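Just so you know, all these numbers are worked out from the coordinates, no wet-lab data involved. The model shown is predicted, which means the values in this text are computed figures rather than measured ones. Neighbour counts are summed over all protein chains in view; Cβ atoms, including those assigned to glycine, are modelled from backbone coordinates with ideal geometry.
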Amino acid sequence: MTAAFVLGINMAVAGIFAVAFTVVAATNRSARGAWWLALGCGVGIVNAGLEFLLRQQADPVPVSIAIFLVFLSALSFALIGVARHYRVEPPWTAMATIWIVTVLLVPVVFSMTYGSLSRLVLYQLPYFAMQALFGMMIWRSGRRQPLDLLLVALQAVGATLYLLKPLFAILVGTARTPQDYMATTYAAISQSGSVVVLIATGLVMLLVTMRDTTAEMIARSETDPLSGVFNRRGFERHAEAALAREGKAALIAADLDHFKQINDSFGHAAGDGVIAHFAAMLAEAAPSEAIVGRVGGEEFAVLLPAALLSDGRLYAEAVRAAFASAELPVLGVDRRFSASFGVAQWMPPETLPDLLHRADTALYRAKSGGRNRVCVALGDLPPTPVRGAA
């Protein structure tokens, strides 16, 4: 298999991935890095084309320098794309440093004897540094799912490959001139290694993009757009999963008091603002593992995993007091609001609907008892001692 044939495969693979990432970017706005990844693959096609053009040059230096810098550009664009996807800031300082060093290396590298070990090492050094940044950036993003770890491993392999290329050149020999590069065994080995890493990285990155896009779609389908917390579907799914994991939990049902009057007096926009403020208070006061959901118009539910009835009551009292004393100038509404709460302790093997029903029963007692208060489910209270009992 000749290097020219492998390079042609590289061009085709880069083109396929360029189209694939372009389609992803065009059809999914949340795929933040797809445009950059498509650009990186597109520039990779240009780089391969320059490799074919090099054979026709009487003076190979201009095209050789272009190949050197264009491929580094392709890596840079891909690095920005990966950073955007992982929602981290691209390592601009490190990238700028690599580019400055690379530009300074250009007159040095291309004045050296072609095929010498020192030239081979300096030529591959910027590629190694840029590829290493890929893995470091993904690792520092904190995402460690299997596909993310596989992507980090592939970047390590790619970076190592750049370090090994000078060794391969020494072992199998390389061309005497740049124009003869494509006819060497070293070129075939180098291009073969590159195409394997390119295909593997591209496929894994596409899988990562699809995984995260699917997760975002599920999250959007389970999130209430007004309050920013889970909708009923999302709350029930996550709450049931939490109950399956935990041995105990407390559930708080909450309802805004006299909400119809707010809408009637100040309009639905003001009512929406009150709902958003109340949801924010529920979420901010809850521990990180809590599941907060808007399960009705002005009705909310909060599941506190690994919590007791007393924990749920303390949480509900804290939110109740904060909300009742807060001044919420929502769309010109200058008044205070209140909410009522019902708290229930999960008692296995009851189901989530049973738990919600008991919390709602306690909530209705809080409503009928005057509102702006917290009531607990009677079934959770300890039995009252009987006087005279032994």
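Observations on the structure shown:
- Ellipsoid semi-axes in whole angstrom, largest first, where each is sqrt(5λ) of the Cα gyration tensor of the range 28-86: 29, 10, 5
- Working note: Cα atoms of the range 232-380, range along each principal axis, descending, whole Å: 47, 29, 21.
- Formal net charge of residues neighbouring Ile80 (Cβ-Cβ distance under 11 Å; K, R +1; D, E -1): +1
- Reachable lysines from Lys367, criterion Cα separation under 22 angstrom, eight or more residues apart if same chain: Lys260
- Unit charges at the beta carbon, dipole of the chain: most positive-side option, Ser265, Gln57, Thr185: Thr185
- Shape summary: the range 122-251 maps onto an equivalent ellipsoid whose semi-axes, from the alpha-carbon gyration tensor, are 49, 14, 12 Å in decreasing order.
- Test item: Cα-centred dipole of the range 3-221, Lys/Arg +1 and Asp/Glu -1 on Cβ, debye: 440 debye
- Cleavage-rule hits, GluC sites (Glu not before Pro), the range 264-301, DSSP coil, Cβ neighbours within 10 Å at most 14: Glu289
- Along its three principal directions, the equivalent ellipsoid of the range 250-323 from the Cα gyration tensor extends over semi-axes of 24, 11, 10 Å, largest first.
- Part-to-part distance (alpha-carbon centres) for the range 184-236 and the range 102-147, which is given in Å: 25 Å
- Crossing angle, helix 185-221 versus the chain [Cα axis fit, 0-90 degrees, rounded to tens]: 20 degrees
- The charge dipole of the chain, taken about the Cα centre with unit charges on the Cβ atoms of Lys, Arg (+1) and Asp, Glu (-1), comes to about 420 debye, rounded to the nearest 20.
- Residue (of Val88, Val172, Gly115) at the positive-pole extreme of the range 3-221, dipole from beta-carbon charges: Val88
- Put simply, when 46-58, 63-75 are sorted by average Cβ atoms within 10 angstrom per residue, most first, you get 63-75, 46-58.
- Sorting the segments 240-252, 345-357 by their residues' average number of neighbouring beta-carbon atoms within 10 angstrom, most packed first, yields 240-252, 345-357.
- Cα gyration tensor category, rounded, prolate or oblate, for the chain with a/c compared to 1.5: prolate
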